[in-house]
Amino acid sequence: MEHSEPDAGPEVTGLLRQIPAVNDVLNRTALRELEARVGRRLALESTRRVLKRLRDRIVAGSISTVSLAALEEEIVSEAEAAARLSLRPVINASGVILHTNLGRAPLPPQAIQHLAAVATRYSNLEYDLEAGERGKRDLHTERLFCQILGAEKALVVNNNAAAVLLALNTLAEGAEVVVSRGELIEIGGSFRIPEVCAKSGAILREVGTTNRTRIEDYAAAVNERTRLLLRVHPSNFRIVGFTARPSLEEFVALAQKHKVISMEDLGSGCLVDLSTAGVRDEPTAAASLEAGVDVVNFSGDKLLGGPQAGILAGKRELLERIRKNPLFRALRVDKLTIAALEATVSLYLRGKTGDIPALRMVGLPVEAIRRRATGLAEKISARPRLAVRVRDGESVIGGGSTPAQSLPTVLLAVTHANHSAQELERFLRRNSPPVIARVEDDALLLDLRTVFEDQDEELFEALEAIA
């Protein structure tokens, strides 16, 4: 550590000689305490990186003194940052309930309890306790979905894209799948129905136009190569105005007439009627199956309110064929997903949907949000340099659900005497815990619909730190 750079002046050479050896740094009290917390490897790697940066800065002429105290502080900070788990809880004040970038649906406490119990012990994942022999992992969730949906059989895979891929590959590989042009959607992460269909080995047959597809369009496309009629939830957009779409009953009747399979990709996974919460025209999986659709598929982490999963439900013969596909094993879920999903779905059967965070947020009355917002605004207003206004606004469900619909809410519009709204947003995003908000009309907007009540104090403390 004491050699100098070629052509370095005496001042640079002197500073370079002040850089301590790695072992000397690690033997200092603060670094020994750090090593006890984060381990030898992280402490060593952080020390080497910080010493290298120090050397580079000296050579570049950007510093004129070497401070051991500052060196210690930088190493400790770097090592602790490296040791910190990357996936962290955040406070979602954005007003987007199923925020894809923030993990979509938060799990109910019952799901966490069941998951922890199963994850920390052995379980009967694939063991039939009655027969005393090997069982199937599907059964834990299948019985619940069959009860709720009235389905003959149900399967769970790792997400809804996998459900679409697996079903089309099993039921229509090498054959034609008829889909309306208005339903060839793309959702987040570049998931596109045409590309998934192509990867499945099925042949896509587009019918109708972007805004208008009639039942006659489907009928005209059916031929001896047709294996399946596919109906797709619009997910994250809505076409309005001069539009046409066959009713579900017409769709099913046509499939039955021509003895082809009817399949509906419902995407959002809505299991209950949400009209009382102001959500209109969101189809439920049970209604589709009752109408006679052969196979429905949907997500587990959207309006269902559980973990990421793709659920397939419908006719026994078709679902058994899907399960026998070798892809099923590659796409199946583990015990943690099964445990969380089983506990979440059981809340529906027990009439406790109010315990499911996503559904509770959807149904949260505006006046309840207003009371919390008003109380928090009073505390914020008392802090120096912060100003806040309570105003009406809109929340969205998000996550590719209920397109073009919003929920009335109450917003906190926060401004600071010395910082812009963008700076406030950045400060909050870097807080611990991070706070995710939005900026509009030169104000930081906070929507308490998506903030858990026990996070209100943490949210205030984050704003207080800015003040």
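Seen against the Cα atoms of the chain and their longest principal axis, helix 40-60 is set at about 60 degrees. By the count of other C-beta atoms within 10 Å, a proxy for reagent exposure, 361, 263 are ordered fewest to most as 361, 263.
Relative to the longest principal axis of the chain, what angle (0 to 90°, nearest 10) does the C-alpha long axis of helix 68-83 take? The answer is roughly 10 degrees.
Dividing the convex hull volume of the alpha carbon atoms of region 292-409 by its residue count gives 181 Å³ per residue. Sorted ascending by nearby beta carbons within 10 Å, beginning with the fewest, 262, 432 become 432, 262. Note on region 14-143: along the principal axes its Cα atoms extend 78, 42, 22 Å, ordered by decreasing extent.
The average projected area of the chain, computed from the convex hull of its Cα atoms over all directions, is 30.7 nm².
From the P(r) of region 108-353, could you give the percentage of C-alpha pairs in the tail past 27 Å?
On the way: 10428 of 30135 pairs.
Of all Cα-Cα pairs in region 108-353, 35 percent lie more than 27 Å apart.
From the convex hull of the Cα coordinates of region 10-83, what is the mean projected area in square nanometres? Don't skip to the answer; put the middle values down first.
On the way: hull surface 17.7 nm².
Seen from a random direction, the Cα hull of region 10-83 projects 4.4 nm² on average.
What FRET efficiency would be calculated for the residue pair residue 13, residue 378, taking the C-beta separation as r and a Förster radius of 60 Å, to the nearest 0.05? Numbers along the way, then the final one.
Working: r = 61 Å, r/R0 = 1.02.
Calculated transfer efficiency: 0.50.
Please determine, in degrees from 0 to 90 and to the nearest 10, the orientation of helix 248-257 with respect to the longest principal axis defined by the Cα atoms of the chain, where the helix direction is its Cα long axis. Helix 248-257 sits at roughly 60 degrees to that axis.
Other residues with beta-carbon under 11 Å from the beta-carbon of residue 293 carry, at +1 per Lys or Arg and -1 per Asp or Glu, a net charge of -3.
Return one quarter of the surface area of the convex hull spanned by the alpha-carbon atoms of region 123-174, equal to its mean projected area, in nm².
5.1
Read-outs throughout are calculated quantities, based only on the coordinates presented, and are distinct from any laboratory measurement. Source: prediction; values computed, not measured. Positions of Cβ are generated from backbone atoms using ideal geometry, with glycine treated the same way; all protein chains shown enter the neighbour counts.
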